[in-house]
Amino acid sequence: MTTVVPTSEEDPALSVVRFTTEASWADAGPEVVESQMKSLCIEAQECIVVGRWLDLASLMLTSADVIFSKVSEKDLECIFTVICNLVTKPESLEESLEMAKLISTKISQQPNEKPALRLKIMFNLYNLLENPYSRFFVYMKALDLAVSGKVTDHIIPSFRKMDNLLKEWNIGIQDQRKLFLTVSNILKESKSSAKDSFKFLTKYLATFSGEDAYTVGEAKEEAVRAIIEFLKTPDMFQCDLLDMPTIAQLEKDAKYTLVYQLLKIFLTQRLDAYLDFDAANSTLLKSYGLVHEDCIAKMRLMSLVDLASAESGQISYALIKDTLRINDDELEMWVVKAITAKLIYCKMDQMNEIVIVSRCTERVFGQHQWQALRSKLATWRGNIAAVISTIQANKITEDGTQAMQGLMIR
């Protein structure tokens, strides 16, 4: 955070007014400069004396905006440091918020002119604010500026701290939706991790849980986008989309029902179901940019996961070849791919032509998976209780034997 250190007795704000007035009126001649400087300094002094900080910020921003392209970046940073520091002056947090809105709006009005500097100024302003919502407002302005000025690389690292920022801001559902969707769009356009873009998109969709049908309908296009992003991403095999109301609404939507059916196939069925779907709807897949060969590859891995989950720890080579529709020489390759992707943990028994599965990743984790987990935990608990009982019984027997031996010795 930039700190203002006074180097003279004059208020830094008046120094900025003098500097910006001189620079903005220089072409009009010295007499005009002197007249404007005198008038503006008097007005600024009045604002300082009576504490009209919002008016002072507005006055300073007018001149500063005019000279943005005329002075060095170092001078601009100093000027805006003084202007941004004005938000610390008011006793009222509401007035500070209004000043933050005014300053951040002015900074973001010409995003293509020195965008990186504008973004730096915006974060200097952010760090000076105490009100959590004021900080959130400025952060959103910074996101818009980064997108318009094509400097999103400067702001993407802050997304890693989003959970902490959300706790600090404590914003409502509407603001969360705007934030999550904006972040997801930035990550998508910047060609960053598809998983990160998808993560924020699903956070956006999750905010509609518990809403009425009309409100849920507002997210229909984003719901379709989430499905397509999941299907397109080659290394993403698990999601909870089917449990979301924003996704469920597509099942009965004439325009998007096939997209919903395709997602359901990937998350609950096997390769043969996908091939049947493609045979009847190949045009649909192409319209969303889905590549048939890529879909087959992903569906083979997801089908293998389904086999691992359903076959009680052992899968025969014959069943794998039949389900994945592959030849003998391809089988081990696909098992290794599943292991590399951490979808299944297994050993291949080539002698008996079986795959022995120790555990696997679930494609979805819904009610059925919770019940299965509860059953396993109950079994483990029972087994542990039996082991403890056996140990205790053996200990009692051993203690009794030792006692009898002691009596016999006496």
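The values are calculated or read from the model by the stated rules, or taken from the named source; none is laboratory data. Quick caveat, the model's predicted, so the values are computed rather than measured. Cβ: placed from backbone, ideal geometry, glycine included. Neighbour counts: every protein chain shown. These area figures cover heavy atoms from the full protein model, side chains too; ligands, DNA and RNA do not enter into them. Shrake-Rupley method; radii C 1.70, N 1.55, O 1.52, S 1.80 Å.
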(request) Name every residue in the stretch 202-232 that is open to solvent by less than 10 Å² (accessible area, probe 1.4 Å) and not in a helix (DSSP H, G or I), in order of residue number. (result) Phe208, Ala219
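For residues in the stretch 233-283 being in a loop (DSSP other than H, G, I, E, B) and among the aromatic types (Phe, Trp, Tyr), which is farthest from Thr207 (Cα to Cα)? Write out each step before concluding.
So in the stretch 233-283, the residues in a loop (DSSP other than H, G, I, E, B) come out as 233-240, 244, 253-256, 269-270.
From what's left, among the aromatic types (Phe, Trp, Tyr): 237, 256.
Values: Phe237: 23, Tyr256: 21 Å.
Only one residue fits best here, namely Phe237.
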(message) Here is a list: Lys120, Lys161, Lys141. Which entry is free of Cβ contacts under 8 Å to residues at least 12 places away in the same chain, open to solvent by 10 Å² or more (accessible area, probe 1.4 Å) and either part of a helix (DSSP H, G or I) or among the basic types (Lys, Arg) (or both)?
(response) Lys161
(message) Looking only at the stretch 233-264, how many residues end up being crowded, with 18+ Cβ neighbours inside 10 Å and closer than 13 Å to Leu301 by Cα?
(response) 1
(message) As an exercise: evaluate Lys150 against (1) open to solvent by less than 40 Å² (accessible area, probe 1.4 Å); (2) at positive phi and give the number of the one condition it does not meet.
(response) (1)
(request) Mind checking which helices (runs of 4 or more DSSP H) fall wholly inside the stretch 1-115 and carry at least 2 residues that are touching a residue at least 40 places away in the same chain (Cβ under 8 Å)? (result) 12-24, 53-66, 73-85, 93-107
(request) Check the stretch 186-201 and report whether any residue there is at pLDDT 95 or above and in a loop (DSSP other than H, G, I, E, B). (result) no
(request) Being over 29 Å from Leu93 (Cβ atoms), at pLDDT below 90 and surrounded by fewer than 19 Cβ atoms within 10 Å (Cβ to Cβ) is the filter here, so list the residues in the stretch 42-67 that pass it. (result) Val66
(request) Considering only the stretch 310-342, state which residues are closer than 23 Å to Ile227 by Cα and open to solvent by 10 Å² or more (accessible area, probe 1.4 Å). (result) Ala341, Lys342
(request) Filter the stretch 270-287 down to the residues that are in contact (Cβ under 8 Å) with a residue 24 or more places away in the chain and open to solvent by 60 Å² or more (accessible area, probe 1.4 Å), then identify the one that is farthest from the chain's Cα centre (by Cα). (result) Asp272
(request) Looking for whichever is within 24 Å of Tyr133 (Cα to Cα) and among the β-branched types (Val, Ile, Thr) here; the options are Thr246, Thr207, Thr233. Which one fits? (result) Thr207
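Taking the criterion of being at pLDDT below 95, hydrophobic (A, V, I, L, M, F, W, C) and under 36 Å from the mean Cα position of the chain (by Cα), would at least one residue in the stretch 375-386 satisfy it?
Yes: the stretch 375-386 contains one or more residues that are at pLDDT below 95, hydrophobic (A, V, I, L, M, F, W, C) and under 36 Å from the mean Cα position of the chain (by Cα).
In the stretch 164-186, what residues are hydrophobic (A, V, I, L, M, F, W, C) and either open to solvent by 50 Å² or more (accessible area, probe 1.4 Å) or farther than 17 Å from Ala206 by Cβ (or both)?
Scanning the stretch 164-186 gives Leu165, Trp169, Ile173, Ile186.
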